[in-house]
Every structure is written in C-alpha cells, then in structure tokens.
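Everything on this sheet refers to the single structure shown next.
No lab work stands behind these numbers, since they all come straight from the coordinates. Nothing here was measured: the structure is a model prediction, and the numbers come from that model. Cβ: placed from backbone, ideal geometry, glycine included. Neighbour counts: every protein chain shown.
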Amino acid sequence: MSNLFTILLSFVLLYKYVALFIIVFLSGLILPLPSNTLILALGAFASQGYMNVTLIFIVSLASNVLGDCVGYALTRSLKMRNLIENRLKHFSTTARLKEFIEQYAGWTILITRFLGTLGVVVNFLAGLLDIPFQYFLLYDTIGNALTIACFVFVGYGLGVYTEAYSDITKLLGWIILIIILIFMLIKMFLHKKKKD
Amino acid sequence: MEHQKANLYLKIIITILIIVLAILCFFLVQQYRTISQQKAISAERFNFANLARHHSLGINEINLIEPWMTFNYVSISYKVPASYLQTMLGISSSTANYPNITINHYAKTVGTNPNSLVEKIKNAVQQYLAQPRK
C-alpha cells in the first residue's frame, strides 16, 4: 500500500465523512488522488461496522459532483478559457479530442467518471466547449452514482480482501488497454497494407 | 522502402504488446488463485440480504492491523473494547483523543517503534478474542 494512500486512510478513519468529502472533492476538481480506491476501502470499513454505506454513497456523490462542476465552471469562465485555448491550440490531439467530445458529449462524460484523472480533463474540456450545464450535470451525476455504487458495493462485499481485489482491477485495466492498443495497431497495419 | 520500414515497426510493436499481454494475464491468473484460496470472492458475500450484516474481523485477520489504523477502528472492527486495549497497552487516561488517534501518532508521542506497538496490539486483540464468550 502506498504512503499517500495510508495517509488518506488515516485521515478518513479520524475524520470520517468530513475527510471523505474533502478528498473526493479535491480529486474531482484537480488533484490526482486515488478516490475510487479509497471508496473501495471505505466499503470494506462499512462492512466491519465502522462507517455507514448509505452515508459513504451520499457524501462521495455530492462531493464528486461538486468537484466536477467547479472544474467545469473554471474553464467556462472567460479568463480561464482564453488562457487554456491559447495553450492547447498547439496540440493536434486536442483538436481531435474536442471533436470527439462535441459529438459524444453525454457518453464521454458518463464513461470517464470510471477513469479517474481522465474525468477531470473531460470536465475542463466540457466547460471549454460550452456543453450546457444541465446536460453536463445530468451525465456527471449518473456516471458518478454508478461508479461510486460499484466501488462501495464491491468494497463492502470483499471486506478485508479489498486490497487484493484492487491489484486485480489494476491488472484488468492494463490488460483491457493493451488489447485496445493491439486492436488499433492491427487495424492501422491492415489499412496500410490495403493502401499499398 | 519507407512503407516497409513503417510496417516492420508496427509488427515489432504489436509483437511486444502481445508478449506483455501474455505476462499480465499470467499475473492475473496468479492473483485470482490467491484470492480464491482466501475465499474472498463468493456469491454469499455479495448477497443483498447479507449486506446489512457486518463482518467483524477475527483471530485469523489479526495480521491486518497496521500503524495507519486508529485504536477506535481496531476496537470496532475486532469487537474489542477500547478500554481493554488501553489497559493492556498501558495507555494513559490523559492521552488526548484516545481512542480516535492513529497507532503511528501514539507511537511517536510516547517515543516507541510503531511496528513493535502493532505487535503488542495484535497480542492484546488475540488474547481478548481467545477468551470464551458468554
């Protein structure tokens, strides 16, 4: 278990829901904190009677949505937008990502709630692209509710074996990513061969 | 020529990724076997009717006690009274915020090694759990 993670766990054991709110809010806003893994661990704490599952869900959802909305609002404000647009216009991948998000805004927001730091990037881009706030809030809330419910439920069910399970999920994440990369590269290779 | 080089690089990268994928799948199977032996994944644990029941920790889970935990958490999860731990470990009644302090913090306060304090806590919890219950 990493040093940072044990510090976060101690913080939550001492200050419970207040600590949970602060950590998840900051993670939703900008900081790369392991909030999903933390919620998994809190599910385990709840299974032992130390915390309440329903309160963990409500506090995590509220703070996550709030953090995402603040991130969205920051880029929506005029000064931040000019600053970011001037920096990002030099990257061609940003233009492609912008196109993708404009076309599939709802699904992008929803799916990236499961993907940690990528969710934060999408929050900023959603504000930059003037995605309507009600639309952003709806998909953000649904995505966060599903993510948090999954992690709390799995943490509660696995209890003390949560740490072993989080190693498996990390491995699964890498395996899925590599399979997608292999698939994309094979597609690229076949496309080139066809062109030749 | 350039096309052939690009195709060759693509083939090499795809081969490397397949090898990495095979290695990761091997580790995944190893992890799953470990968890299966511990009976961590079973349908019963995820039964909605069981979700309301708390799974307190027992003698077999004593090794899970770590310095980042609080005395309050140890007390609640192992169902060991905080006062019992206080007596067994010689924790003064004037210790601020006990039992809501981390084992690490208490060890630093009294100038002792956190890991040796954890061993004492494990022994105390083990002794308590070994007592016959009414």
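Couple of notes before you dig in:
- For region A:18-32, 3J(HN,Hα) computed residue by residue from phi via the Karplus equation (6.51, -1.76, 1.60; θ = phi - 60°) reads 5, 4, 4, 4, 4, 5, 5, 4, 5, 5, x, 7, 7, 6, x Hz, glycine and proline entered as x.
- Karplus 3J(HN,Hα) series, Hz, for region A:6-11 with 6.51 cos²θ - 1.76 cosθ + 1.60 (x for Gly, Pro): 5, 5, 4, 5, 4, 4
- According to the Kirkwood relation over distinct C-alpha pairs, the hydrodynamic radius of region B:43-130 is 13.8 Å.
- Förster radius 25 Å - calculated FRET efficiency between residue A:55 and residue B:62, Cβ distance, rounded to 0.05: 0.35
- For residue B:101, residues with placed amide H under 5 Å, excluding near neighbours: B:71, B:72
- Gyration tensor (alpha-carbon) shape descriptor, region A:111-196, a/c threshold 1.5: oblate
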